[in-house]
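S.K.: Here you go, one structure.
The values are calculated or read from the model by the stated rules, or taken from the named source; none is laboratory data. In this text the structure is predicted, and so the values were computed from the model without any measurement. Backbone-built Cβ (ideal geometry, glycine too); neighbour counts: all protein chains shown.
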Amino acid sequence: MKWALIGASTIASQWMIDAIRAGGGAEVAAVLSSDTARGKDYAARHDIASAHTDLDKMLADPEIGAVYISTTNEKHHPQAMAAIAAGKHVLCEKPLAITLAEAHEMVAAAKQAGVVFATNHHLRNAGSHLTIRDLIANGHIGTVQAVRVAHAVYLPANLQGWRIDNAAAGGGVIPDIVVHDADTVRFHLGEDPAEVVAIERSESMGQGVEDSVMSVWRMRSGALVETHEGFTIRHAGTSFEVHGTEGSIIARNVMTQQPVGEVYLRRDGKDEAVPFSDHNLYNRAVGLFMDAVAGKGSPAASGDDGIKSLAVALAVKEAATTGRRVPVDYGEA
Ligand code: NDP
């Protein structure tokens, strides 16, 4: 199958072009950029046959079966709607859109058109997280009482662009990282956050957008979740902890793009290291997407998963800006 990249992005160059090519039988045939020279240069550097600046012309190629959208966040909605209208399968970056209504419209349009639509939440593809989910599902820690997510990092210099100064493009740490944490918590607990409280700040990097946030969520079961997301925290490392009535799961360095980290199961005062697969997260996501296009199974994270992670992030933003406790509004199904 031939793919087109919508967006000459860093994430595509670092991970997704290789992931699309990894399965064999898939070709990255075209790239769309808003800038002719950047698009041509990107295509040349990544061995992509054609570079475009006109989305409709690129989508008019009947040989293109799927698109990967990784532009800035405000562009995801119009570009996905155009791709769906052209009958293409869509793998879209998070957050799916700026508003919940837009995200619902994208997912509904894909369903109507009969094309596969997926959200690129990479973490649920990690061997570490697949193992954590199995430990919880198999009852190793009993009933989940609480989750703690530490996902505050230092944003690399090459990504300190629209993320730190362009609210209209979807900048800020809440759209960037809270969506991943919401998806990961939902993946593990198999339920949705019901309400949130949050405090944000713009400490040193954010210009008109938040660069740090801490929030507390109550899940529908009553379990509590605390999360910390940041662009300015150099030395913390990441972690994901799930605490249950019979034990705890302590995972370190697992909120990352790399297939790394450590997972421990703590019961009866003892920590047991739990092994997990070190496969590439993005290759797995693309592989499951391609299988779904071929009629086998479902993508790792669906469009509905993308709607829900966005809904949680929007609730966290509202709670942080109003100081109120905010019920998560998932909108119309
Ligand atoms: P980039 O900033 O690298 O790319 C976004 C857009 O910025 C591109 O589409 C491009 O526009 C434009 N751009 C790129 N380079 C330049 C430049 N030198 N000068 C001016 N404009 C430029 O973004 P990311 O790759 O970091 O993120 C893209 C999307 O992917 C976002 O939605 C983000 O949330 C998501 N993402 C997801 C990750 C995941 O693991 N799931 C990880 C990282 C990002 P044009 O296409 O018009 O040339």
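S.K.: Tally time: how many residues in the range 44-68 are within 12 Å of the ligand (Cβ to nearest atom), among the aliphatic types (A, V, I, L, M) and in a strand (DSSP E or B)?
M.R.: 1
S.K.: Using the structure shown, decide if Asp41 is near the ligand (Cβ under 9 Å from one of its atoms), surrounded by fewer than 22 Cβ atoms within 10 Å (Cβ to Cβ) and more than 24 Å from Val107 (Cα to Cα). Steps first, answer last, please.
M.R.: Working: near the ligand (Cβ under 9 Å from one of its atoms): no; surrounded by fewer than 22 Cβ atoms within 10 Å (Cβ to Cβ): yes; more than 24 Å from Val107 (Cα to Cα): yes.
No: the conditions fail for Asp41.
S.K.: Among all residue pairs at least 6 apart or on different chains, which show Cβ distances below 6 Å where the first residue, located in the range 82-105, is in contact (Cβ under 8 Å) with a residue 60 or more places away in the chain and within 16 Å of the ligand (Cβ to nearest atom) and the second is part of a helix (DSSP H, G or I) and of a type in the set (Phe, Trp, Tyr)?
M.R.: Leu91/Phe289
S.K.: May I ask you to list the residues in the range 1-26 that are buried (at least 17 other Cβ atoms within 10 Å of the Cβ) and either among the acidic types (Asp, Glu) or in a helix (DSSP H, G or I) (or both)?
M.R.: Passing the criteria: Ile11, Ala12, Trp15, Met16, Ile17, Ala19, Ile20, Arg21.
S.K.: Further, regarding this structure: So, Ile136, is that one over 19 Å from the mean Cα position of the chain (by Cα), within 29 Å of Lys317 (Cβ to Cβ) and touching a residue at least 60 places away in the same chain (Cβ under 8 Å) or not? Walk me through it before giving the result.
M.R.: Details: over 19 Å from the mean Cα position of the chain (by Cα): yes; within 29 Å of Lys317 (Cβ to Cβ): yes; touching a residue at least 60 places away in the same chain (Cβ under 8 Å): yes.
So Ile136 passes the test.
S.K.: A further question follows. Going by the structure shown, is Val254 in contact with an Asp or Glu (Cβ under 6 Å, 6 or more places away or on another chain), in contact (Cβ under 8 Å) with a residue 40 or more places away in the chain and crowded, with 19+ Cβ neighbours inside 10 Å? Talk me through it step by step, then tell me what you get.
M.R.: Numbers: in contact with an Asp or Glu (Cβ under 6 Å, 6 or more places away or on another chain): no; in contact (Cβ under 8 Å) with a residue 40 or more places away in the chain: yes; crowded, with 19+ Cβ neighbours inside 10 Å: yes.
The answer is no for Val254.
S.K.: Just give me the residues in the range 228-267 being within 16 Å of the ligand (Cβ to nearest atom), assigned to a loop (DSSP other than H, G, I, E, B) and more than 22 Å from Asp278 (Cβ to Cβ), in sequence order.
M.R.: Phe231 - this is the single residue of the range 228-267 that is within 16 Å of the ligand (Cβ to nearest atom), assigned to a loop (DSSP other than H, G, I, E, B) and more than 22 Å from Asp278 (Cβ to Cβ).
S.K.: Given the structure, is Val225 in a helix (DSSP H, G or I) and of a type in the set (A, V, I, L, M)?
M.R.: Values: in a helix (DSSP H, G or I): no; of a type in the set (A, V, I, L, M): yes.
No.
S.K.: List every residue pair whose Cβ atoms sit under 8 Å apart, with the two residues 6 or more apart in sequence or on different chains, where the first one lies in the range 6-19 and is near the ligand (Cβ under 6 Å from one of its atoms) and modelled with pLDDT of 95 or more and the second, anywhere, is aromatic (Phe, Trp, Tyr) and in a helix (DSSP H, G or I).
M.R.: Short answer, once both residue conditions are applied: Ala8/Tyr42.
S.K.: If you don't mind, another one. Are there helices (runs of 4 or more DSSP H) fully within the range 120-199 with at least 3 residues that are buried (at least 22 other Cβ atoms within 10 Å of the Cβ)? List them. I'd like the intermediate steps shown before the answer.
M.R.: Details: elements: 127-137, 162-165, 179-189.
Counting at least 3 such residues, we get 127-137, 179-189.
S.K.: Quick one: what pairs do we get from the range 157-171, first residue aromatic (Phe, Trp, Tyr), second more than 8 Å from the ligand (Cβ to nearest atom), C-beta under 7 Å, 6+ apart or different chains?
M.R.: Partner pairs satisfying both residue conditions: Trp162/Ala169; Trp162/Gly171.
S.K.: Do you know which residues across the range 159-187 are more than 8 Å from the ligand (Cβ to nearest atom), over 20 Å from Val197 (Cα atoms) and touching a helix residue (DSSP H, G or I) at 6+ places or on another chain (Cβ under 8 Å)?
M.R.: Ala168, Ala169, Gly171, Phe187
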